[in-house]
Amino acid sequence: MTTYQPIRTIKPADLPAPPQAAIAIMRACGRMDMDNEKLASLASSDPVLTAELLRIANSAMFGFSGKVQSIARAISILGLRALRNLALCLSVRGALKDGAIPGFDITLYWEDALRHAVCARMIGQHIGMDTDECFTAGLLQEFGMLVLFYLHPDKGCLWPVSYTHLT
């Protein structure tokens, strides 16, 4: 007979804390009184976020002829939802570096999350939904599983069972 363990309540204190700059940015992106200059000031307090914003804004995806050097300009190019998503992703990535969960391939996890996000965006476009919201939903689709593996690192090697044929 199987013995069932009681479900453990997960508290925020059980999880790694995101950087204060990321929390401030995620909150600020939902406020109507925030402009790009205020958001740029918040983003500038996190060097990793600043570098990623500029890298993405200057990528071939946007194809600007001149180099984007201002954080405020990068935010205006990417938009608030992309800024919020980037802050969230960088927070999780910073908390869960390679080796944080033994046997768990964090790079494969992020590749999978991005595939889900891009597919969700494409489906959203096809059916007339907000593509940024679809992208976020796809990106976070398996986030709960990541939390569980963080709390139970001995189980990290069980993911991705369905992807073992790809390697």
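The values are calculated or read from the model by the stated rules, or taken from the named source; none is laboratory data. Just so you know, these numbers come straight off a predicted model, no measurement behind them. For the accessible areas, the whole protein counts, side chains as well, though only heavy atoms, and no ligand, DNA or RNA atoms are used. Shrake-Rupley method; radii C 1.70, N 1.55, O 1.52, S 1.80 Å.
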Requested in this report: Give the share of C-alpha pairs in each 5 angstrom bin for the stretch 6-123, from 0 to the last occupied bin, in whole percents, shortest bins first.
Outcome: 2, 10, 18, 19, 19, 17, 9, 4, 2, 1, 0, 0
Query - Pairs of alpha carbons in the stretch 67-167 whose separation is greater than 19 Å (percent) - result: 51
Query raised in the report: Any idea what angle helix 106-127 forms with the longest principal axis of the chain, computed on alpha-carbon atoms, 0 to 90 degrees, nearest 10?
Result: 60
Query raised in the report: If you build a Gaussian network model of the chain, linking Cα atoms that sit under 10 Å apart, which residue out of Arg73, Arg27, Arg81 swings the most?
Result: Arg27
Query raised in the report: Roughly speaking, what is the stretch gain from Met34 to Phe62, that is 0.36 nm per residue apart minus the C-alpha to C-alpha distance, in nm to one decimal?
Result: 7.7 nm
Query raised in the report: Which value at 222 nm does the chain reach when only helices count, each DSSP H run of 4 or more adding -39,500 (n - 2.57), with the total divided by all residues and rounded to the nearest 500 deg cm²/dmol?
Result: -17000 deg cm²/dmol
**Report entry** the chain - percent relative contact order, Cα under 8 Å, separation 6 or more
**Finding:** 20
Query raised in the report: In the stretch 1-85, carbon and sulfur make up what percent of the accessible area (probe 1.4 Å)?
Result: 58
Report summary line: If one compares the long axis through the Cα atoms of helix 80-95 with the longest principal axis of the Cα atoms of the chain, the angle in degrees, nearest 10, works out at 40
Query - Accessible surface, the stretch 44-167, averaged per residue in Å² (probe 1.4 Å) - result: 58
